Amino acid sequence: MKYIIGLFISVVGFVLASQHLEQGIDAYWDYVAFFVVVLGTFAVMMITFPAAPMKLLFVRFAQKFFLPSNSVKKHVENCFEVYTSRRFKGKPGSIEEKLLQDGLEMSALGFSHERIMQVLSQRFETYSKRINMLSAWFRRGAKYPPAFGLAGTVLGLIHLMRGIASGIDPKETGVRMAVALVATFYGLLLSNLLLNPLGEWLHEEVKRDEIKAEASLRTIMLILENANVVEAHEMLGSYLGGEKFKADYLQQAASEAA
């Protein structure tokens, strides 16, 4: 959602700048520039696509934009609920929820504590490596659009010089020069509004996923160790920097202990 809002703000800024310059949006459109920059960047990114499934990228976007928001605090509360009920409700929609479900299933099947933690840790490590590969792919791809934009500008300048040699008037010279610079403009937009932000977004999402995955693993470990509810509350609360959650459970446990 933050990316959508940021993109909307940038579009608004572009429209306002165009209006201030008393130019229509069509003044910034050119087929040659578009095809050179977009298709050229697409081709190179396909060549350099990492060894990670494309499906994972679509799933990650779908989880972000179509599933309910799952903040670190909400996930920690879900972990505490799993701890108290010893079961996972519903269908897992993210990697950290899948870790919770898988941990409970392996515990019911009699897996050892060490084996459960080893398997769950390896699953998340593999997931995070793949997401980081896709994130780095986007960020590497951000260097190509400006280069193809420069190539498009060179094509425009060649067209301009041929026109000058043919004796075009000064007005046509200015128009062709403006069209030549549009390609560089496209390259900068594609790099700094699409590819780089997407790469950084994926990188930051992995960092949040790591915190939530650690909370999931800690929950499974607390269940395996039969930790008391107060200990579980404090351990899971540490992932929120000391912020309290589900205080009713803690009060209930304290009253029972008294």
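Within region 18-33, can you find the residues that are under 15 Å from residue 175 (Cα atoms) and not in a helix (DSSP H, G or I)?
Passing the criteria: 23, 24, 29, 30.
Report yes if some residue within region 214-222 is over 30 Å from the mean Cα position of the chain (by Cα), under 17 Å from residue 102 (Cα atoms) and buried (at least 18 other Cβ atoms within 10 Å of the Cβ); otherwise report no.
Yes, some residue in region 214-222 is over 30 Å from the mean Cα position of the chain (by Cα), under 17 Å from residue 102 (Cα atoms) and buried (at least 18 other Cβ atoms within 10 Å of the Cβ).
Working carefully through the options 109, 189, 195, find the one that is at pLDDT 90 or above and more than 32 Å from the chain's Cα centre (by Cα).
109
Among the candidates 175, 182, 119, single out the residue that is modelled with pLDDT of 90 or more and either closer than 30 Å to residue 23 by Cβ or loosely packed, with under 14 Cβ neighbours inside 10 Å (or both). Lay out the reasoning, then the answer.
Values: 175 fails: modelled with pLDDT of 90 or more; 119 fails: either closer than 30 Å to residue 23 by Cβ or loosely packed, with under 14 Cβ neighbours inside 10 Å (or both).
The match here is 182.
Scan region 130-149 and give yes if some residue there is among the hydrophobic types (A, V, I, L, M, F, W, C), farther than 30 Å from residue 58 by Cα and in a helix (DSSP H, G or I), otherwise no. Break it down stepwise before answering.
Within region 130-149, the subset among the hydrophobic types (A, V, I, L, M, F, W, C) is 131, 133-134, 136-138, 142, 147-148.
If we keep only those that are farther than 30 Å from residue 58 by Cα as well, we get none.
There is no residue in region 130-149 that is among the hydrophobic types (A, V, I, L, M, F, W, C), farther than 30 Å from residue 58 by Cα and in a helix (DSSP H, G or I).
Could you tell me whether residue 24 is surrounded by fewer than 17 Cβ atoms within 10 Å (Cβ to Cβ), on the phi < 0 side of the Ramachandran plot and small (Gly, Ala, Ser)?
Answer is yes for this residue.
Of all residues in region 84-106 being in a helix (DSSP H, G or I) and touching a Leu at 6+ places or on another chain (Cβ under 6 Å), which is surrounded by the fewest Cβ atoms within 10 Å (Cβ to Cβ)? Outline the logic, then answer.
Here is the first cut: in region 84-106, the ones in a helix (DSSP H, G or I) are 84-85, 95-106.
Narrowing the set further to residues that are touching a Leu at 6+ places or on another chain (Cβ under 6 Å) leaves 99, 103.
Details: 99: 26, 103: 24.
By that ranking, first place goes to 103.
With of a type outside the set (Ser, Thr, Tyr) and touching a Cys at 6+ places or on another chain (Cβ under 8 Å) as the only criterion, which of 155, 100, 120 stands out?
Values: 155 fails: touching a Cys at 6+ places or on another chain (Cβ under 8 Å); 120 fails: touching a Cys at 6+ places or on another chain (Cβ under 8 Å).
Only one candidate qualifies: 100.
One line per residue, one yes/no per condition, for (1) surrounded by fewer than 19 Cβ atoms within 10 Å (Cβ to Cβ); (2) within 22 Å of residue 225 (Cα to Cα):
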position	(1), (2)
45	yes, no
59	yes, no
82	no, yes
136	yes, no
142	no, no
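Looking at 195, 188, can you tell me which residue is in contact with a helix residue (DSSP H, G or I) (Cβ under 7 Å, 6 or more places away or on another chain), exposed (fewer than 15 other Cβ atoms within 10 Å of the Cβ), under 15 Å from residue 41 (Cα atoms) and aliphatic (A, V, I, L, M)? Let's see the steps before the verdict.
Values: 195 fails: exposed (fewer than 15 other Cβ atoms within 10 Å of the Cβ).
Result of the check over 195, 188: 188.
Scan region 163-178 and give yes if some residue there is touching a residue at least 40 places away in the same chain (Cβ under 8 Å), within 38 Å of the chain's Cα centre (by Cα), part of a helix (DSSP H, G or I) and farther than 30 Å from residue 238 by Cα, otherwise no. Before you say what the answer is, go through the steps one by one.
Within region 163-178, the first condition is being touching a residue at least 40 places away in the same chain (Cβ under 8 Å), and the residues that meet it are 178.
In the following step, the residues that additionally are within 38 Å of the chain's Cα centre (by Cα) were identified as 178.
Next, only the ones that are part of a helix (DSSP H, G or I) stay: 178.
From what's left, farther than 30 Å from residue 238 by Cα: 178.
Scanning region 163-178, I find at least one residue that is touching a residue at least 40 places away in the same chain (Cβ under 8 Å), within 38 Å of the chain's Cα centre (by Cα), part of a helix (DSSP H, G or I) and farther than 30 Å from residue 238 by Cα, so the answer is yes.
Evaluate the following for residue 36: is it modelled with pLDDT of 90 or more, outside any loop (DSSP other than H, G, I, E, B), of a type in the set (Val, Ile, Thr) and surrounded by 18 or more Cβ atoms within 10 Å (Cβ to Cβ)? Full working, then the answer.
Numbers: modelled with pLDDT of 90 or more: yes; outside any loop (DSSP other than H, G, I, E, B): yes; of a type in the set (Val, Ile, Thr): yes; surrounded by 18 or more Cβ atoms within 10 Å (Cβ to Cβ): yes.
When the stated conditions are applied, residue 36 passes them.
The values are calculated or read from the model by the stated rules, or taken from the named source; none is laboratory data. No experiment lies behind these values; they were computed from the predicted model shown. Counting neighbours? That spans all protein chains shown, and the Cβs are built from the backbone with ideal geometry, glycine included.
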